[in-house]
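To start, the structure under review is shown below, and the notes come after it.
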Amino acid sequence: MASRTAPFNAVWLSDLHLGSADCRAEYLSHFLARHPTRTLYLLGDVVDLWALRRRLFWPASHRVVVEQILALAAHTRVVYVPGNHDEDFRALCGRRLLGVEIRHQAVHRTAGGRRLLLLHGDEFDTLVRASAWAGRAADLGYELLLSLNALGNRARRTLGLPYRWLAQEIKIRLGPARRAIRTFEVAAARAARRLGLDGVVCGHIHQPEIRFEEGVLYCNCGDWVESLTALVEHPSGRLELLHWGDARRALKCERGALAVHASHALSQPT
């Protein structure tokens, strides 16, 4: 995607996982530098405190992303909704820190008048709610899968084969994973509907999507570990999922209605 100067109304990012070796911080930094916005929403798991407790990992590329966000906060509205991997920051909800608003959840009104509930989404994850141990066990399993994915894709590159999102494919193909994702999406949509809102934007499950669910708009802005996606609102109010990375295929997202546009941009850092 070419560099743009007209700001978006809003950009939503979630699951950056800074502090984890799996974070694609260089791509994230490149995206932030080229997508000005009037409001930046960070919907949780921005800093991966779970990973940092296991191993101190904070390279310069991760520090640069934090500096970019804080620089944006000097002239742009930045709203941070902590997730389960950075839940320690939930104690600061309701406060403003270094220009960043920290909220348990928020509501965004689009240019078209839609009111969208914004949250991380771990409260809709049945495994996370079942027990902290189960949630962390699932997280470790996912990290193992990402490691295997990295090894597999190194071999694929050697053979001249395209990148494959192994974790994404497994989540889509496995029956239990598919059902868990479906349960999550329905629960998130129902939460927005109960509040009388028009839709919900969340993260947590690393599964980018825009579609109508339970009569409301369901949006998941994805992650910066594997899918490298962001949800954006154009000045017209049009919502779009952007993919920013080196995957060889576009995301597959359903269009919920003509009023909501889910399109995809594929770009490479230079």
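For segment 68-96, the tally of residues that are under 17 Å from THR37 (Cβ atoms) and more than 16 Å from the chain's Cα centre (by Cα) stands at 9.
What about VAL46, is it hydrophobic (A, V, I, L, M, F, W, C), under 19 Å from the mean Cα position of the chain (by Cα) and more than 24 Å from GLN207 (Cβ to Cβ)? Considered against the rule, which asks whether it is hydrophobic (A, V, I, L, M, F, W, C), under 19 Å from the mean Cα position of the chain (by Cα) and more than 24 Å from GLN207 (Cβ to Cβ), VAL46 comes out as no.
Looking only at residues in segment 64-115 that are of a type in the set (D, E, K, R) and touching a residue at least 24 places away in the same chain (Cβ under 8 Å), the one that is farthest from LEU49 (Cα to Cα) is ARG114. For ARG255, the stated conditions hold: it is surrounded by fewer than 20 Cβ atoms within 10 Å (Cβ to Cβ) and either over 29 Å from LEU18 (Cα atoms) or modelled with pLDDT of 95 or more (or both). When segment 75-100 is examined, which residues are found to be of a type in the set (D, E, K, R) and closer than 20 Å to PRO7 by Cα? Within segment 75-100, ARG77 is the sole residue that qualifies.
The values are calculated or read from the model by the stated rules, or taken from the named source; none is laboratory data. Small disclaimer: the values here were computed from a predicted structure and weren't measured. Ideal geometry is used to build each Cβ from the backbone, glycine not excepted, and the neighbour counts take in all protein chains shown.
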